[in-house]
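> Dropping a structure here in structure tokens format, bear with me for questions.
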Amino acid sequence: MSTRTTFRTAGVAVRAMLVFTLVLGVGYTLLITGIGQLALPWQANGSTVQNTAGETIGSALIGQSFTDADGNALPEYFQSRPSAAGDGYDGGASSGCNWGPENADLVSAIEERQAAIAELEDVDPSEIPADAVTASASGLDLTSARRTPCCRFRASRRRGASTSPTCGPWSRRTSSSATSATSASPA
């Protein structure tokens, strides 16, 4: 193979790499971003939540803590799942926990969370589902599907909203009520 053929082949390869980098790396990204902005602008921009002044104060997809200055849960607000992300619901530190179900620190944390929720919601700790006291894989989840209705009802009632009590104890509304919190996955 001659030197000229080698340089021609290398030149074709470099030009192909540049073309594909522009088409796939830049063009495709701009196309998908444009489609997202046109078809689903709220979702494409992070599902942001604004206050009455129009300032962005968070995302509808990332949980947050509603606590007083001492870190105690405010009973008039719905409480999100526990967070394992940074100092709590920090999108820049999204991560789960690798503790196994027999880890003493995890078991202790679950028992503390069960006691806190039981006191806040005035229920027996055995009625609290596992996903209400264990963090999600990302540590950012807003809610636990199984505990949402009753907590929302109780939070609404505390804030003075008229709501009909359509939920009984958690254990009656869940299909896996036999699952104990300490046998659940930590993440």
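What follows is calculated from the coordinates using simple rules that are stated; it is not laboratory data. What you are looking at is a predicted structure, and each value in this text was computed from that prediction instead of being measured. Note that each Cβ is placed from the backbone with ideal geometry, even for glycine, and that neighbours are counted across all protein chains shown.
> What does the highest-first list of 15-28, 63-76, 113-126 look like by mean Cβ count within 10 Å?
113-126, 63-76, 15-28
> Moving on to the next point. Please list, in chain and number order, the residues 5+ apart from G58 or on another chain whose amide H is under 5 Å from its amide H, with Hs placed from the backbone.
V49
> On to the next question. For the range 10-49, report the translational diffusion coefficient in µm²/s to the nearest whole number, using Stokes-Einstein at 20 °C, 1.002 mPa s, and a Kirkwood Rh over Cα pairs.
Estimated diffusion coefficient is 183 µm²/s.
> A follow-up question, please. Pop out the ³J(HN,Hα) list for the range 41-53 in order, Karplus 6.51 cos²θ - 1.76 cosθ + 1.60 with θ = phi - 60°, rounded to Hz; leave Gly and Pro as x.
So the Karplus estimates, Gly and Pro as x, are x, 5, 5, 5, 9, x, 6, 6, 10, 10, 8, 5, 7 Hz.
> Between T56 and F7, how many nm apart are label points set 7 Å from Cα along the C-beta direction?
The two pseudo-label positions are separated by 5.1 nm.
> Given points 7 Å out from each Cα along the Cα-Cβ axis, report the D124 to V19 separation in nanometres with one decimal.
If labels sit at D124 and V19, their model points lie 7.2 nm apart.
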